Amino acid sequence: MEKTWRWFGKKDKIKLETLRQIGVEGIVSALHDISNGEIWSLEAIIDYKNYIESHGLRWSVVESLPVSEAIKYGGEDRNFLIENYIKSLENLGKAGVTTVCYNFMPVLDWARTDLFYQWEDGSSSLYFDKAKFAYFEIHILKRDGAEKDYNQDILNKVEELKNTLTEEDNKDLVDCVIVKTQGFVNGNIKEGELNPVEKFNNLLALYDGIDKNQLRENLKYFLEKIMPVCETWGIQMCVHPDDPPFSLLGLPRIVTNEEDIDWFLNAVDNPHNGLTFCAGSLSANLNNDVPKLAQKFASRTKFVHLRSTNVFDNGDFIEAHHLGGRGQLIDVIKVFEKENPSLPMRIDHGRLLTEDVDKGYNPGYSFLGRMLALGQIEGVMAAVRSELNKK
Ligand code: DNO
């Protein structure tokens, strides 16, 4: 697979020169300064592409071309927003940047409750604490009926948290769930927002009455509209699985497991409608056998994210080391190196090592942690390829 790296543009603390020096071949990036819903002009795309290429790298994947909320909940302006999306795709196609990752998760692009969960050695990973998330819904958002989504064990823990968490802790939790993890991925709520909770609750309200079937229909509607431009310009669309792959905030989830993936691939059975195989997201659902899913969906996979998780009995999960955990990345690599070896692959997230701290990296996107994982994965890929060549 092609070794790619998610880079956040000229403001990224990590330089393209350095990425080339550590063996990266392609860049995964987006025009982060353009607001969600606006058209990416051909000029802006070509400028960005040229900048990447002037460093001896290629712009391999767009992650993401964000899908506006109104497209997901089927709002009045969805056709207008889809038209804009199509124009951006056309411009990307003209510039020759043809692999486009997006997601169809309502309101939250991804969710974690702790950005610095410590391992014994002092490094840290991102963590999802189910009880803390329940506390966030029940006592901070005060979402009607949220308690019904949790079992008694979790509700007991929520009560404990209610008695121990301070105002400052509450602020940190809000900042983590709806600001820090979202802002840098063109999320709905940006750093500096004065009333994040109110804004967030207003967004959630837009999904009143939207169930799983309706959200699926809205994805289908969107895909059917964009397929013609994808066919014309050879664009490979690849939806990112829901992270985490289970329902949150009473919202429907439609890319969590084998049945979901089968559904959307069949609903719009076009080779331009594909999947971002995010081993990390999929691994956080205990029913998912990650290498098996890789095997089944290899031919419709357009882009691979390598990451893993450890899932605990209480429903929490931590982002694991890349060679450990439920992701079984060695087996996943074996599948893709055999079935679809030209795919772009990036290390998804990495631990935060001591010298990564205070560098201001986006959550999950450390330098040393990701570089370590890239070295490990590169070794596995080389070993797998050498075995395949012997056969
Ligand atoms: C977080 C990422 C997501 C992902 C988008 C794709 O680190 O995995 O933000 O890029 O959901 O659209």
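Would you say Ile71 is within 16 Å of the ligand (Cβ to nearest atom), in a helix (DSSP H, G or I) and open to solvent by less than 10 Å² (accessible area, probe 1.4 Å)? For Ile71, the condition - within 16 Å of the ligand (Cβ to nearest atom), in a helix (DSSP H, G or I) and open to solvent by less than 10 Å² (accessible area, probe 1.4 Å) - is met. Within the range 110-136, the set of residues being in contact with an Asp or Glu (Cβ under 8 Å, 6 or more places away or on another chain) and among the acidic types (Asp, Glu) comprises Asp114, Asp129. Within the range 261-280, the set of residues being in contact with a Cys (Cβ under 9 Å, 6 or more places away or on another chain) and within 16 Å of the ligand (Cβ to nearest atom) comprises Asn273, Gly274, Leu275, Thr276, Phe277.
Yes/no per residue for (1) assigned by TED's automatic domain parsing to the domain that holds Ser342; (2) over 23 Å from Ser342 (Cβ atoms); (3) surrounded by fewer than 19 Cβ atoms within 10 Å (Cβ to Cβ):
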{"site": "Arg253", "(1), (2), (3)": "yes, yes, no"}
{"site": "Phe277", "(1), (2), (3)": "yes, no, no"}
{"site": "Leu282", "(1), (2), (3)": "yes, no, no"}
{"site": "Lys292", "(1), (2), (3)": "yes, no, yes"}
{"site": "Ser299", "(1), (2), (3)": "yes, no, yes"}
{"site": "His305", "(1), (2), (3)": "yes, no, no"}
{"site": "Ser308", "(1), (2), (3)": "yes, yes, no"}
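The set of residues from the range 77-105 being more than 12 Å from the ligand (Cβ to nearest atom) and either buried (at least 22 other Cβ atoms within 10 Å of the Cβ) or modelled with pLDDT under 95 (or both) comprises Tyr85, Ser88, Leu89, Leu92, Val97, Thr99. Taking first residues from the range 1-16 that are within 20 Å of Asp47 (Cα to Cα) and partners that are acidic (Asp, Glu), the Cβ contacts under 7 Å between residues at least 6 apart in sequence or on separate chains come to Thr4/Glu25; Arg6/Glu63.
Here are some residues: Asn156, Asn201. Which one is loosely packed, with under 13 Cβ neighbours inside 10 Å and outside the structural domain of Gly280 (by TED's automatic domain parsing)?
After ruling out the rest, the residue left standing is Asn156.
Against the condition more than 16 Å from the ligand (Cβ to nearest atom), part of a helix (DSSP H, G or I) and surrounded by fewer than 18 Cβ atoms within 10 Å (Cβ to Cβ), how does Glu17 come out, does it pass? Yes. Restricting Val335, Val357 to those that are farther than 19 Å from Gln118 by Cβ, hydrophobic (A, V, I, L, M, F, W, C) and open to solvent by 10 Å² or more (accessible area, probe 1.4 Å) reduces the list to Val335. Regarding the range 50-66, can at least one residue be identified that is within 18 Å of Leu223 (Cα to Cα), in a helix (DSSP H, G or I) and within 16 Å of the ligand (Cβ to nearest atom)? Within the range 50-66 (the criterion being within 18 Å of Leu223 (Cα to Cα), in a helix (DSSP H, G or I) and within 16 Å of the ligand (Cβ to nearest atom)), the answer is no, since none of the residues qualifies.
A single member of Val179, Val229, Val174 is away from the ligand (no atom under 16 Å from the Cβ), surrounded by 16 or more Cβ atoms within 10 Å (Cβ to Cβ) and more than 26 Å from Asn79 (Cα to Cα), and it is Val174. Pairs linking a residue in the range 29-50 that is at negative phi to a residue that is open to solvent by 40 Å² or more (accessible area, probe 1.4 Å) and of a type outside the set (D, E, K, R), with Cβ atoms under 7 Å and 6 or more positions apart or on different chains, do not occur.
The values are calculated or read from the model by the stated rules, or taken from the named source; none is laboratory data. Everything numeric here is computed off the predicted structure, so don't read it as measured data. We place every Cβ from the backbone using ideal geometry, glycine too, and count neighbours over all the protein chains shown. These accessible areas exclude ligands, DNA and RNA; they are computed on the full protein's heavy atoms, side chains included. Shrake-Rupley method; radii C 1.70, N 1.55, O 1.52, S 1.80 Å.
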